[in-house]
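Have a look at the structure below before the remarks.
The values are calculated or read from the model by the stated rules, or taken from the named source; none is laboratory data. Note that the coordinates shown come from a computational prediction; the quantities given were computed from them, not determined experimentally. Cβ sites come from the backbone with ideal geometry, for glycine too, and all protein chains shown count toward neighbours. For the accessible areas, the whole protein counts, side chains as well, though only heavy atoms, and no ligand, DNA or RNA atoms are used. Shrake-Rupley method; radii C 1.70, N 1.55, O 1.52, S 1.80 Å.
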Amino acid sequence: NCVAADVGTGSGILAIYLAKSGARRVFAIDIDPDIVAAAKENFVLNRVEQRVEALMCPLDQLEGGELDVIVANLTPSVLFGMIGTMASKLDPEGTLVLSGYKVPLQAKVHQLATQYGLEPIQSFVNQGWSAETFAFRR
């Protein structure tokens with residue numbers, strides 16, 4: 001029953017997953033109008049359009065309260081520049097899920113996350129790619 005965001009939504013697959021996993025409201029965010037239009041079609045096809053809102057705006061311009069969950073599968077250069085913004089939008093009890101980077105970049109992701117009070121709580125590795133879950137230090 002959470003409020004979530006999929007940053008850099010692309011096809012919207014992570015937003016769809018969040019909605020089908022029980023998120024009450026999901027913001028699917030991207031800055032490319034063609035991608036946002038395609039994601040909206042996918043939300044209708046997957047019957048989640050009532051709970052998923054596709055937005056063409058940067059995350060820092062998202063209005064509303066803090067988010068319970070933020071997922072982001074981004075290229076490393078974009079991810080590195082957005083960790084602070086994601087941390088600022090995350091509820092103090094929230095979860096940040098990052099992916100889209102190779103294992104050798106984990107240390108840099110951890111360093112940046114730590115600067116914003118986040119720590120890794122779970123890590124998944126598959127064929128050299130990393131996906132990690134972060135939360136604020138307690």
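Any chance region 48-64 includes a residue that's under 19 Å from residue 113 (Cβ atoms) and assigned to a helix (DSSP H, G or I)?
Looking only at region 48-64, we keep the residues that are under 19 Å from residue 113 (Cβ atoms), and these are 59-60.
Going one step further and asking which of them are assigned to a helix (DSSP H, G or I), we end up with 59-60.
Checking region 48-64: at least one residue is under 19 Å from residue 113 (Cβ atoms) and assigned to a helix (DSSP H, G or I).
Take the residues in region 54-99 that are farther than 13 Å from residue 3 by Cα and among the small types (Gly, Ala, Ser), then tell me which one is surrounded by the fewest Cβ atoms within 10 Å (Cβ to Cβ). Spell out how you get there, then give the answer.
Going through region 54-99, the residues farther than 13 Å from residue 3 by Cα turn out to be 54-61, 72-88, 92, 97-99.
Narrowing further to those that are among the small types (Gly, Ala, Ser): 54, 72, 77, 81, 84, 87-88, 99.
Values: 54: 23, 72: 22, 77: 9, 81: 11, 84: 14, 87: 19, 88: 11, 99: 17.
So the residue we want is 77.
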For region 43-61, pairs from a residue that is without any contact (Cβ under 8 Å) to a residue 24 or more places away in the chain and farther than 14 Å from residue 17 by Cβ to a residue that is surrounded by 15 or more Cβ atoms within 10 Å (Cβ to Cβ) and of a type in the set (A, V, I, L, M, F, W, C), with Cβ under 6 Å and 6 or more apart or across chains, are 49/43
Enumeration of residues in region 1-35 that are in a helix (DSSP H, G or I) and buried (at least 20 other Cβ atoms within 10 Å of the Cβ): 14, 15, 16, 18, 19
Any residue that is open to solvent by less than 70 Å² (accessible area, probe 1.4 Å) and under 13 Å from the mean Cα position of the chain (by Cα) - is there at least one of those in region 100-111? yes
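How many of the residues in region 36-47 are part of a helix (DSSP H, G or I) and open to solvent by 70 Å² or more (accessible area, probe 1.4 Å)? Working first, answer last.
Initial filter on region 36-47 (part of a helix (DSSP H, G or I)): 36-45.
Next, from what is left, pick out any that are open to solvent by 70 Å² or more (accessible area, probe 1.4 Å): 40-41, 44-45.
Number satisfying all stated conditions: 4.
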Selection status of residue 121, open to solvent by 20 Å² or more (accessible area, probe 1.4 Å) and aliphatic (A, V, I, L, M): yes
